[in-house]
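So the structure is just underneath, and the comments pick up after that.
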C-alpha cells in the first residue's frame, strides 16, 4: 500500500509568533536531521518520493464557482493547516505508515497527516475504465524514469 505523509509545519501556521515569509528556508540542522530520517526510509525500501514546499507566502489558490475560476495569492490568513512538504511511502499497513510518521524529526507543533493513496484496483470497473488514459500513463512513466 502507498501512503502520503503530509508535513504540516508549525512555522507555516504562525504558531508561537512564528511566521514563514516568502524567503523562508528551514535551518541546516533541521534539514540534516530530516535527511537522516529520509535515508532511513530509503534504506528500508519504503521511500517512493518526497518534496518540500515553498512558503505559503508565494502560493496561489484557484477556486471555482459557477463555472468560473478565481485566483487568490498567498499567504492565506484563514488557513489553519498549510502543507510544508510530503513523503510518498510504501507500507504494509496503515499502522506501519503511522510508525514511520512517528519517527519524523518534527519540531514542536508540527503535524504529520497520513493518507492512503488509491490504487486503480481500489475502484469499481467503470471508474477504472474512466481513469484509463494512455497519454497520462506515458507521461507519468517518463517522469518516473527521469
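Just so it is clear, none of the values below were taken in a lab; they were calculated from the coordinates. All values derive from a computational prediction rather than experimental measurement. Please note: Cβ atoms are built from the backbone with ideal geometry, for glycine as well, and neighbour counts cover all protein chains shown.
Above 12 Å, the calculated P(r) of the range 48-104 contains 76 percent of its Cα-Cα pairs. Straightening the chain between residue 4 and residue 81 buys 26.1 nm, computed as 0.36 nm per residue apart minus the Cα-Cα spacing.
Remark: spin-label model distance residue 53-residue 36 equals 2.7 nm, labels positioned 7 Å along the Cα→Cβ axis. Using 0.36 nm per residue and subtracting the Cα-Cα separation, the extra length available between residue 113 and residue 132 on full extension is 4.0 nm. Each peptide among 49-55, 137-143 gets the average number of other Cβ atoms lying within 10 Å of its residues, and from highest to lowest they stand as 49-55, 137-143.
At an R0 of 41 angstrom, the distance between the Cβ atoms of residue 121 and residue 72 translates into a FRET efficiency of 0.65. Normalised by 2.2 N^0.38 Å, with N the number of residues, the alpha-carbon radius of gyration of the range 2-145 equals 1.22. Shown is the FRET efficiency for residue 29 and residue 98, computed with R0 = 30 Å from the Cβ-Cβ distance and rounded to the nearest 0.05: 0.70.
Using C-alpha pairs under 8 Å with a sequence gap of at least 6, the mean separation divided by the residue count of the chain gives a relative contact order of 38 percent.
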